[in-house]
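Reading through the structure tokens given below for one structure.
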Amino acid sequence: MPRYANLDEVMASYSERFRPDKAEGVDASVQMNLTGDNARQVALHVRNQEMTLEEGVTVNDPTLSVTADADDWLAVENGQLNPMMAMMQGKVKLKGSMPFAMKFLALFGFAG
């Protein structure tokens with residue numbers, strides 16, 4: 001059974017899943033460009049061991065940019081699509097700091 005019914009639930013989960021203990025010394029922004037029928041722009045900022053999320057915002061020069069069809073991202077978040085396979089298939093595209101991409105997984109207790 002999926003953990004999240006829709007992207008609103010996914011976005012709400014980031015504040016619950018955020019791990020401040022993993023964010024010491026992190027000052028980064030993630031631009032999420034979700035496309036398709038449920039398209040949205042989301043910016044996640046991690047600074048001073050705190051996380052903020054802004055919808056409808058575009059970050060200039062983000063640490064990491066994630067581009068994916070919104071339905072594919074929901075499948076990744078629900079564990080129905082392996083993130084590495086999604087990248088290899090071109091369903092999820094990352095641009096920016098690959099070391100931070102790995103940190104991103106730890107910061108949000110990513111189980112996808």
Exercise. Name every residue in the range 42-57 that is closer than 23 Å to ASN6 by Cα and either touching a strand residue (DSSP E or B) at 6+ places or on another chain (Cβ under 6 Å) or modelled with pLDDT under 95 (or both), in order of residue number.
Key: VAL42, ALA43, LEU44, HIS45, THR52, LEU53, GLU54, GLU55, GLY56, VAL57
Quiz item: When the residues of the range 1-47 are filtered to those that are of a type in the set (A, V, I, L, M, F, W, C) and exposed (fewer than 14 other Cβ atoms within 10 Å of the Cβ), which remaining residue is nearest to PRO99 (Cα to Cα)?
Solution: ALA12
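Yes or no, residue by residue, for (1) touching a residue at least 12 places away in the same chain (Cβ under 8 Å); (2) in contact with a Leu (Cβ under 8 Å, 6 or more places away or on another chain); (3) at positive phi:
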| residue | (1), (2), (3) |
| --- | --- |
| ARG17 | yes, no, no |
| VAL26 | yes, yes, no |
| GLY36 | yes, no, yes |
| GLN49 | yes, no, yes |
| ASP72 | yes, yes, no |
| GLU77 | yes, no, no |
| GLN80 | yes, no, no |
| MET87 | no, yes, no |
| LYS93 | yes, no, no |
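The values are calculated or read from the model by the stated rules, or taken from the named source; none is laboratory data. Please read all numbers here as calculations on a predicted model, not as lab measurements. All Cβ positions, even for glycine, are placed from backbone atoms using ideal geometry, and neighbour counts span all protein chains on display.
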